[in-house]
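Trainee: Below is a structure I'd like to ask you about.
The values are calculated or read from the model by the stated rules, or taken from the named source; none is laboratory data. Given the structure is predicted, the values throughout are model-derived calculations rather than measurements. No Cβ is skipped: glycine too gets one built from the backbone with ideal geometry, and neighbour counts run over all protein chains shown.
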C-alpha cells in the first residue's frame with residue numbers, strides 16, 4: 001500500500017493540490033509520484049468497468065508550470081500498463097473531454113491536468129470516461145486502485161502526439177459557419193466586420209482568437225494575454241476576478257470593439273463584455289444564455305445554481321416565458337439536475353452557473369466556455385445585422401439596487417459539523433425575525449426573503465463547495481437594504497467562536 005494522504009487532494013470529483021513551491025506557508029501536496037499513481041489507477045478502473053485491456057488514454061494540460069513534469073509522469077505510468085497514450089498537449093478541458101465522444105479519435109478515457117482559475121502553484125486532475133467526468137464516488141474508487149501495489153509484465157504502450165486544439169478549433173468554426181448560414185455576406189468569412197477582443201488570461205484560450213475567430217474574418221487585433229504563461233503575469237485566470245474583467249472592459253472600450261471574451265485558464269468558463277464596456281457576468285450571463293436558448297426552445301426549463309437573483313427568475317419566467325429551476329451550486333450539480341429533468345419529461349436545454357459554467361443540451365451538456373462564446377458570437381453577428389447590440393437580449397432583466405457576498409471563515413477542522421450546527425441555529429433565528437421568511441423550495445443552505453420596507457430583498461446562507469467558508473449572498477431592492485440585513489445577521493453570528501464573522505463588519 002502506497003502511504004499517501006489522498007484526502008488532501010480529492011475535491012469532489014476532481015484532484016486539486018499544491019504542485020510547486022513559491023508561496024510562503026503553502027507546501028507541496030500534489031507530487032509527480034501521486035499523479036503517476038492516479039494515472040495508473042484510472043487505467044485499472046476502466047479495466048474493471050469495461051473488461052477491455054490495451055487501452056488508449058488521452059492526456060491534455062493547461063499551461064501550469066508543473067504541467068510538463070506531470071504529463072511525463074502520466075505518459076510513463078499509463079504506458080507501463082500496456083496502454084497507449086494520446087498526448088494532446090496544451091488544450092482546453094472541454095476539448096479533452098470531447099476526445100471520449102469522437103469515434104475518429106477513439107480513446108477509452110481522458111485526463112486533463114489543470115488548476116482551473118487557481119494560482120500558479122496549484123494544479124489538478126480531471127478524469128473523463130464515455131463523455132462525462134467521473135463522479136466523486138468513482139474518483140474515490142480510482143484512488144483506492146492508485147493506492148494499491150502494482151506490477152506489470154505487459155509490453156509498454158506507445159505514446160502518440162496529437163494536435164487536439166487544431167481539431168477542436170475546426171469544430172467550433174464549423175458551428176459558427178452553420179449558425180450564420182444564409183445570413184452572412186461572405187459564407188466562408190461570416191465574421192467580417194466584427195471586432196472581438198479575446199483575453200485568454202495567459203491560459204489555454206488564446207486559440208479561440210487565432211484559430212476560431214480570425215480565420216472566419218473577425219478582427220482580433222486588440223486581443224490580449226493570448227500567450228500561454230503558467231505564472232499568469234497579467235491578471236488572475238478567473239472570469240469572476242474584478243481586475244481581470246475591468247482589464248477586458250478597458251480594452252473593449254479603447255479599441256471600439258463589438259465584444260470582449262474572457263476565459264479562465266482551462267476554458268470551461270467565460271465572462272462577456274459588450275460594446276459599451278458593460279461586464280456581462282453572473283446573473284446577466286445566465287440571463288443572456290437563457291435568452292438565446294428560450295428563443296430556440298420556447299417554454300423549456302433553465303436550471304441555474306442557488307445564488308441566482310429573484311430578478312433573474314422573473315426575467316426567465318415572465319419575460320422569456322420559460323421555466324426557472326434554481327438548484328444547488330456546483331456545475332456538476334446543475335448539469336445532473338438538467339439531465340434528470342429531461343429524463344422525467346421536463347424539457348431542459350441549459351444548465352448554467354453564475355460562475356460562468358454553461359452546459360447546453362445540444363452540446364451533450366458539456367460545460368464549455370468556448371462553446372458558450374460561439375453561441376454569443378453567432379448571436380452578436382445576427383443582432384448587428386439588425387442594428388442591435390447583444391445587450392438588447394437582457395435589457396429587461398430586473399436588477400437589484402444592491403448586492404453583496406460575504407464569506408465567513410470556519411475556525412474549526414470539522415467544517416461539516418460547524419456548518420450544520422450554524423444552519424440549524426440560523427434557521428431558528430430567522431423564524432424569530434419579523435418580516436423574514438424562509439423559502440421552502442430551496443435545494444441548498446438557507447434562503448430567506450427579507451420583506452420589511454427597509455430591506456426588500458433576500459439572502460442565501462450556504463457552505464462553500466471548495467473552502468472552509470460560509471458564503472452569504474445578499475440582495476436588496478432598496479438603498480441601504482443590504483446593510484439592514486447584515487446588521488440583523490450580526491446579532492446571530494457575534495457569539496459563534498467557531499466562525500470568523502469579521503467580513504460582516
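Trainee: Against the definition (assigned by TED's automatic domain parsing to the domain that holds residue 389, within 26 Å of residue 112 (Cα to Cα) and in a helix (DSSP H, G or I)), how does residue 232 come out, yes or no?
Mentor: no
Trainee: Any chance you could count how many residues in the stretch 49-63 are part of a helix (DSSP H, G or I) and either buried (at least 19 other Cβ atoms within 10 Å of the Cβ) or touching a helix residue (DSSP H, G or I) at 6+ places or on another chain (Cβ under 8 Å) (or both)?
Mentor: Result for the stretch 49-63: 0.
Trainee: Would it be correct to say that residue 66 is assigned by TED's automatic domain parsing to the domain that holds residue 124, within 20 Å of residue 114 (Cβ to Cβ), buried (at least 17 other Cβ atoms within 10 Å of the Cβ) and modelled with pLDDT under 95?
Mentor: Against the criterion (assigned by TED's automatic domain parsing to the domain that holds residue 124, within 20 Å of residue 114 (Cβ to Cβ), buried (at least 17 other Cβ atoms within 10 Å of the Cβ) and modelled with pLDDT under 95), residue 66 does not qualify.
Trainee: Run down 324, 346 and say which single residue is at pLDDT 95 or above, surrounded by fewer than 22 Cβ atoms within 10 Å (Cβ to Cβ), in a strand (DSSP E or B) and touching a strand residue (DSSP E or B) at 6+ places or on another chain (Cβ under 8 Å).
Mentor: Among 324, 346, only 324 is at pLDDT 95 or above, surrounded by fewer than 22 Cβ atoms within 10 Å (Cβ to Cβ), in a strand (DSSP E or B) and touching a strand residue (DSSP E or B) at 6+ places or on another chain (Cβ under 8 Å).
Trainee: Could you check, for the stretch 31-48, whether at least one of its residues is at negative phi, buried (at least 17 other Cβ atoms within 10 Å of the Cβ), assigned to a loop (DSSP other than H, G, I, E, B) and without any contact (Cβ under 8 Å) to a residue 60 or more places away in the chain?
Mentor: Among the residues of the stretch 31-48, at least one is at negative phi, buried (at least 17 other Cβ atoms within 10 Å of the Cβ), assigned to a loop (DSSP other than H, G, I, E, B) and without any contact (Cβ under 8 Å) to a residue 60 or more places away in the chain, which makes the answer yes.
Trainee: If a residue must be touching a strand residue (DSSP E or B) at 6+ places or on another chain (Cβ under 7 Å) and either touching a residue at least 24 places away in the same chain (Cβ under 8 Å) or outside the structural domain of residue 79 (by TED's automatic domain parsing) (or both), how many such residues does the stretch 9-28 contain?
Mentor: The total comes to 9.
Trainee: I would also like to ask the following. Could you check residue 478 against (1) in contact (Cβ under 8 Å) with a residue 24 or more places away in the chain; (2) closer than 25 Å to residue 291 by Cβ and say which number it fails?
Mentor: Unmet for residue 478, out of (1) in contact (Cβ under 8 Å) with a residue 24 or more places away in the chain; (2) closer than 25 Å to residue 291 by Cβ: (2).
Trainee: Mind listing whichever residues of the stretch 7-30 are buried (at least 19 other Cβ atoms within 10 Å of the Cβ) and outside any strand (DSSP E or B)?
Mentor: Listed by number, the residues that qualify are 9, 19, 30.
Trainee: Let me ask another. If I go through the stretch 349-398 residue by residue, how many of them are part of a loop (DSSP other than H, G, I, E, B) and more than 21 Å from the chain's Cα centre (by Cα)?
Mentor: Residues flagged as part of a loop (DSSP other than H, G, I, E, B) and more than 21 Å from the chain's Cα centre (by Cα) within the stretch 349-398 amount to 8.
Trainee: Applying the selection to the stretch 447-464, what residues are surrounded by fewer than 19 Cβ atoms within 10 Å (Cβ to Cβ) and within 21 Å of residue 502 (Cα to Cα)?
Mentor: 464 - this is the single residue of the stretch 447-464 that is surrounded by fewer than 19 Cβ atoms within 10 Å (Cβ to Cβ) and within 21 Å of residue 502 (Cα to Cα).
Trainee: May I pose another question? Out of 263, 225, I need the residue that is touching a residue at least 60 places away in the same chain (Cβ under 8 Å) and in the same structural domain as residue 378 (by TED's automatic domain parsing). Which one?
Mentor: Being touching a residue at least 60 places away in the same chain (Cβ under 8 Å) and in the same structural domain as residue 378 (by TED's automatic domain parsing) holds for just one of 263, 225, which is 263.
Trainee: Now for a separate question. Just one of (1) over 30 Å from residue 497 (Cβ atoms); (2) surrounded by fewer than 16 Cβ atoms within 10 Å (Cβ to Cβ); (3) touching a residue at least 12 places away in the same chain (Cβ under 8 Å) trips up residue 367, so point out which.
Mentor: (2) is the only condition that residue 367 fails.
Trainee: All but one of (1) without any contact (Cβ under 8 Å) to a residue 24 or more places away in the chain; (2) under 25 Å from residue 368 (Cβ atoms); (3) in a loop (DSSP other than H, G, I, E, B) hold for residue 137; state the number of the condition that does not hold.
Mentor: Just one mismatch for residue 137, condition (3).
Trainee: Would you pick out the residues in the stretch 454-495 that are more than 28 Å from residue 398 (Cβ to Cβ) and in contact with a helix residue (DSSP H, G or I) (Cβ under 7 Å, 6 or more places away or on another chain)?
Mentor: 463, 468, 490, 492, 493, listed by residue number.
Trainee: Which one of these does residue 416 not meet: (1) at pLDDT 95 or above; (2) assigned to a helix (DSSP H, G or I)?
Mentor: (1)
Trainee: Which one of these is surrounded by fewer than 23 Cβ atoms within 10 Å (Cβ to Cβ), without any contact (Cβ under 8 Å) to a residue 40 or more places away in the chain and in a helix (DSSP H, G or I): 332, 340?
Mentor: 340
Trainee: Same structure again: Output the residues belonging to the stretch 413-424 that are over 13 Å from residue 445 (Cβ atoms) and either surrounded by 12 or more Cβ atoms within 10 Å (Cβ to Cβ) or outside the structural domain of residue 493 (by TED's automatic domain parsing) (or both).
Mentor: Listed by number, the residues that qualify are 414, 415, 417, 418, 421.
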